[in-house]
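Here is the structure we will look at.
The values are calculated or read from the model by the stated rules, or taken from the named source; none is laboratory data. Since this is a predicted model, take the numbers as computed values, not measurements. All Cβ positions, even for glycine, are placed from backbone atoms using ideal geometry, and neighbour counts span all protein chains on display. Accessible surface is based on the protein model in full, side chains and every heavy atom, while ligands, DNA and RNA are left aside. Shrake-Rupley method; radii C 1.70, N 1.55, O 1.52, S 1.80 Å.
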Amino acid sequence: LSFSTSVSVSASEYIKEIIHANDLYEQKLYKEASQAYESLIHSGVNNGYLHYNLGNTYIRMGKSGLAILNYIHALKWIPRDENLQANLKFAIQQTQDKIEPPAPGTLGSIFFWVNDLNLGELVYLSMGINLVFWVTLALWMVFRSPTLQLARNALLCILLLSFLSIGVKLKNESSLKLGVVLVKRVEVKSGHVEDAVTLFQLNEGALVTVTDKHEDWIEVRLNNRRKGWVSRGSIGT
């Protein structure tokens, strides 16, 4: 009972803080609103709409890098949200480089539905299919109906497919790590030292794929030909 009460109090406090942050945004106090949203995230409150609201706040402040970074984070929770997708495209168009998110890979194209569902939704979907499968299997063992047998086989295939979908989602999220340039301009170098040759430059809000890390340096890639090293503080992940 004590645990239940403490959880309820914490949830109530978080809701009050979210309402307060939203009120600050409505009053156009964007700096204060961003600090309120960041405080909630640092305290462990993580969900798509919180990052989405923070992204909207930063775009109002003219900080396209931080806005795009939070929109990318929000996509992990609410990938089907049309407003989020529209705002992300708008924010990218405000940048100098205008780099779009990378297209889904081969597995992402084959398991296309994975891109529209977050990991939690895929897990709950698999749990639901698993429950229906075992109920159907139990009924088939009692009645031995051909219809139940067909349903059992179909559900088994769907269940295995759902497990594969979770695996694909986990692989995509672990292998594709996006970063966003947060400074006005950063030089991409050939190595992880200050005096390395500058290969090209990226501007605030540029989307990159993070491929490696070394001390205070991060290796980023735009495509197979354009990649290099940037200082860790210039990229948000």
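Give me the base-10 log of I(q)/I(0) for the range 1-115 at each q in 0.11, 0.15 Å⁻¹, Debye formula, one uniform scatterer per Cα, rounded to two decimals.
Calculated log10 I(q)/I(0) at the listed q: -0.44, -0.73.
In square angstrom, what is the accessible area per residue of the range 68-151 with a 1.4 angstrom probe? Working shown, then result.
Values: 5270 Å² over 84 residues.
Heavy-atom SASA per residue in the range 68-151 reads 63 Å².
Enumerate the whole-percent occupancy of each 5 Å bin, from 0 to the last occupied one, for all C-alpha pair distances of the chain.
Here the calculated profile for the chain is 1, 6, 11, 13, 13, 13, 12, 10, 7, 5, 4, 3, 1, 1, 0, 0.
So, in nm, how far is label Ser145 from label Glu13 when the simple model puts each one 7 Å beyond its Cα toward the Cβ?
Between Ser145 and Glu13, the simple spin-label model gives 5.4 nm.
For the range 1-116, what's the relative contact order in percent, using C-alpha pairs closer than 8 Å and at least 6 residues apart?
Values: 96 pairs, mean separation 19.2, N = 116.
Dividing the mean separation by the residue count of the range 1-116 yields 17 percent.
Give me the angle, in degrees from 0 to 90, between the Cα long axis of helix 119-143 and the longest principal axis of the Cα atoms of the chain, rounded to the nearest 10.
It is inclined by approximately 10 degrees.
How much of Arg221 can a 1.4 Å solvent probe reach, expressed as accessible area in Å² and rounded to 10?
Approximately 80 Å² of Arg221 is accessible to the 1.4 Å probe.
Against the longest alpha carbon principal axis of the chain, how many degrees, from 0 to 90 and to the nearest 10, is the axis of helix 64-75 turned?
10
Need the full-extension length gain, Lys89 to Glu26, defined as separation in residues times 0.36 nm minus the C-alpha distance. One decimal, nm.
20.4 nm
Using only Cα positions of the range 71-131, each an equal point scatterer, no hydration layer, compute I(q)/I(0) via Debye at q = 0.26, 0.27 Å⁻¹ and quote the log10 values to two decimals.
-1.15, -1.18
I need the calculated FRET efficiency for the pair Arg80 and Asp195, taking r as the beta carbon distance and R₀ as 35 Å, to the nearest 0.05.
0.15
So what is the relative contact order for the range 151-237, in percent, with contacts set as C-alpha pairs under 8 Å and at least six apart?
Values: 134 pairs, mean separation 23.9, N = 87.
Rounded, it is 28 percent for the range 151-237.
Can you list the aspartates and glutamates whose alpha carbon sits under 16 Å from that of Lys63, skipping same-chain ones fewer than 8 residues off?
Glu32, Glu38, Asp97, Glu204
At 1.4 Å probe size, with the rest of the protein present, what percent of the exposed accessible area of the range 1-100 is carbon and sulfur atoms?
On the way: 3120 of 5890 Å².
Carbon and sulfur atoms account for 53 percent of the accessible area of the range 1-100.
In percent, how large is the relative contact order of the chain, given Cα pairs closer than 8 Å and 6 or more residues apart?
Numbers: 317 pairs, mean separation 35.7, N = 237.
Value for the chain: 15 percent.
To test your reading of the geometry: what angle, between 0 and 90 degrees and rounded to tens, separates the Cα axis of helix 82-93 from the longest principal axis of the chain?
20
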